[in-house]
Amino acid sequence: MSSDSISPSAILRDVFGYGAFRGAQAEIVEHLIADGDALVLMPTGGGKSLCYQIPAIARHRAGKGLAVVVSPLIALMHDQVGALEEAGVHAAFLNSTLTLKDVQRIEREMMSGRLILVYVAPERLTTPRMLGQFDALHARGLLSLFAIDEAHCVSQWGHDFREDYLALDVLHERYPDVPRIALTATADALTRADIVTRLKLTDARVFISSFDRPNIRYRIVEKMDSRRQLLAFLREEHVGDAGIVYCLSRKKVEETAAWLAAEGIPALPYHAGMESGARREHQDRFLRDDGVVMVATIAFGMGIDKPDVRFVAHLDLPKNIESYYQETGRAGRDGLPADAWMAYGLADVVNQRRMIDESPAEETFKRVQRGKLDALLSLAEAHDCRRARLLGYFGEASAPCVAAQNVCDNCLHPPQTWDATEAARKALSCVYRFYQGGGQRFGAMHLIDVLRGKDTDKVTQYGHRRLSTFGIGADLSEAQWRAVLRQLIALGHLRVEGEFNTLELTESARAVLRGEVQLFLRQSAKSSRESRKSRSESRGKTGRARASMSGGEAARFEALKIWRAAIARERNLPVYVVFHDSALAEMAREAPETLAALAQISGVGAKKLEAYGRDILRLLSGER
Ligand code: ADP
Ligand code: ZN
């Protein structure tokens, strides 16, 4: 075997068809090839898989045998192995979905030394049978490396703790000379320390990448009529795109999916209360078909590595910034522009606060949860760069979006603010008047009616016309008042109580009432001209790939997509395993006429060139 064929950049080019490593990939790969252990922290879409796949190929070519990949994501193994085999890399998976006959066939491949990578579920890895096979391979020098994917599952601090991961320290004890690489997208210091101790990775080199996702545009809009806002967002910016819409409850998932479907958007529901067959079918359709919108609770998403998710929308506020970042991180793994869009309003603040207050957890735990919610609320209310705030939360200093491909909403259109101090004082004193002298407490709707001097049954019933605060806020619209109250609750000057969400003053409200605190709010309800402008601008950005294509190019792109869909169906694989959209777009643009020219396109490796090259050239020449 020539030394050239085990060079990482040659493997990157010939097998995967990529021109250059990204970020720390090259260093990590070299380190593993040189027998080092590594802990890799990289954001979703950063390119973790190549960090172990390329060393696995290089080490196999150097006669070092099999690489073992531990992954908890059984549902994904099939597609990952399919993608490797498509690229000409002999790989297999072992998990509970296989028949005994299949297992035996794969075990034979493993023991023969032919197999390059095997993906194994953690509970299977530590069985006596599996360890016995590893022992035999190890004795023959044919155990080349261990990759532990989703390594945060070993930590009880993380949200995905897996009992079986604790047993993985056996790998170090039993095979101390076999290099190990642990990978995760969960960055916090506590989890990181836990991974190192529990997996006995004290000697591992730690590679920490920036967690910035420069291709994601963060956008948080004021909730008015969230369904309509969502529909407008989809119709104006994401026609035909795949995406995820997160809702808090199962009921809302069902209703939103049905409503979108009725509006002609290919939307499917997904939540843990659904029958498992239907759940699997919806997930498969999301992965395999083009442009499906998945409406889901947070039960959906773990281990979804579909690269072309063009947007993640939140119709409800997530629990904290960690969840928000993980969920939005599922957009744009392929590096092309993607949107993280959220509609956020008064009711979200009220609900999340109440969920914490009413949970049966201990007070110390609740305090932590409240602190995390506050951090998310200040992100939502922020007037400055969302990206800088997000990264700052994870301990990464960063400048505003200037260097990002896809700047956040606040950087794109710096929001106008207004001094809401006086309005806040009016609202708080009105709440005070309600229960002064033993009166009742009321919710936000009634408060706004009284402030705006509206004649309602409730106003009459409680004689609230007589309050000195009746009508003192007629100068502001209902939406503006909702924004003021949302801020007051978010900042903790108002507390929401009981089953009717009644409002109560907190200790800190006093300082506001005395005029000691200034309150600046973002100007709500953009003028229609402004919002039209921002819409057409963002359409120009996200739709650039398709919109800027010439007629011939667009026709080639569509023809290539139809061809790809047929191949994917034939092989029972998602379309992106055959070729990414970005590869098809480049083919359509360049319209190569020779195999050599086609091989230059990013994502076209030697095996795919051989398998599909001629078909593609023929197809392109027909569209010229
Ligand atoms: P992660 O597991 O970190 O979320 P993946 O390994 O799935 O990310 O990679 C994300 C996407 O980026 C994949 O589609 C992969 O093919 C692509 N990719 C990774 N490294 C490179 C590279 N060096 N050049 C081009 N594309 C890459
Ligand atoms: Zn920004």
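The table below lists the values:
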item: Selection count where residues are away from ligand 2 (no atom under 12 Å from the Cβ) and either within 24 Å of Thr186 (Cα to Cα) or of a type in the set (A, V, I, L, M, F, W, C) (or both), scope region 406-442; result: 10
item: Subset of region 439-485 (residues that are buried (at least 17 other Cβ atoms within 10 Å of the Cβ), over 13 Å from Ala423 (Cα atoms) and of a type in the set (A, V, I, L, M)); result: Ala444, Val450, Val459, Leu467
item: Qualifying positions in region 163-194 - modelled with pLDDT of 85 or more, in a loop (DSSP other than H, G, I, E, B) and charged (D, E, K, R); result: Asp177
item: Odd one out for Gln352 among (1) under 18 Å from Tyr246 (Cα atoms); (2) at pLDDT below 90; (3) surrounded by fewer than 20 Cβ atoms within 10 Å (Cβ to Cβ); result: (3)
item: Only one of Ala87, Ala83 that is at pLDDT 95 or above and either crowded, with 19+ Cβ neighbours inside 10 Å or away from ligand 1 (no atom under 15 Å from the Cβ) (or both); result: Ala87
item: Test: residue in region 140-152 that is assigned to a helix (DSSP H, G or I) and either touching an Asp or Glu at 6+ places or on another chain (Cβ under 6 Å) or surrounded by fewer than 20 Cβ atoms within 10 Å (Cβ to Cβ) (or both); result: no
item: Verdict on Ile54 being touching a residue at least 24 places away in the same chain (Cβ under 8 Å) and either over 21 Å from Gly329 (Cβ atoms) or more than 16 Å from ligand 1 (Cβ to nearest atom) (or both); result: yes
item: Number of the exception - Val368 against (1) within 21 Å of Arg353 (Cβ to Cβ); (2) within 16 Å of ligand 2 (Cβ to nearest atom); (3) among the β-branched types (Val, Ile, Thr); result: (2)
item: Scan of region 153-183 for residues that are surrounded by fewer than 19 Cβ atoms within 10 Å (Cβ to Cβ) and over 21 Å from the mean Cα position of the chain (by Cα), ordered by number; result: Gln156, Glu163, Asp164, Leu166, Ala167, Asp169, Val170, His172, Glu173, Arg174, Pro176, Asp177
item: Near pairs, Cβ below 6 angstrom, 6+ apart or cross-chain, from region 309-331 (over 21 Å from Leu287 (Cα atoms)) to any residue that is modelled with pLDDT of 95 or more and assigned to a loop (DSSP other than H, G, I, E, B); result: Leu315/Cys247; Asp316/Cys247
item: Pair list, Cβ under 7 Å, 6 or more apart: region 180-207 residue within 21 Å of Tyr325 (Cα to Cα), other residue surrounded by 15 or more Cβ atoms within 10 Å (Cβ to Cβ) and acidic (Asp, Glu); result: Leu183/Asp149; Thr184/Glu150
item: Among (1) in contact (Cβ under 8 Å) with a residue 40 or more places away in the chain; (2) out of contact with any Leu (no Cβ under 6 Å at 6 or more places or on another chain); (3) not in a strand (DSSP E or B) - the single one Glu504 does not satisfy; result: (3)
item: Per-region count, region 544-579, residues in a loop (DSSP other than H, G, I, E, B), modelled with pLDDT under 90 and either at negative phi or touching a His at 6+ places or on another chain (Cβ under 8 Å) (or both); result: 5
item: Of all residues making up region 591-615, the number that are closer than 23 Å to Gly240 by Cβ and either among the acidic types (Asp, Glu) or part of a helix (DSSP H, G or I) (or both); result: 0
item: Breaking point among (1) surrounded by fewer than 21 Cβ atoms within 10 Å (Cβ to Cβ); (2) outside any helix (DSSP H, G or I), for Gln229; result: (2)
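The values are calculated or read from the model by the stated rules, or taken from the named source; none is laboratory data. Since the structure is predicted, the reported quantities are computational estimates derived from the model, not experimental observations. Cβ atoms come from the backbone with ideal geometry, glycine included; neighbour counts cover every protein chain shown.
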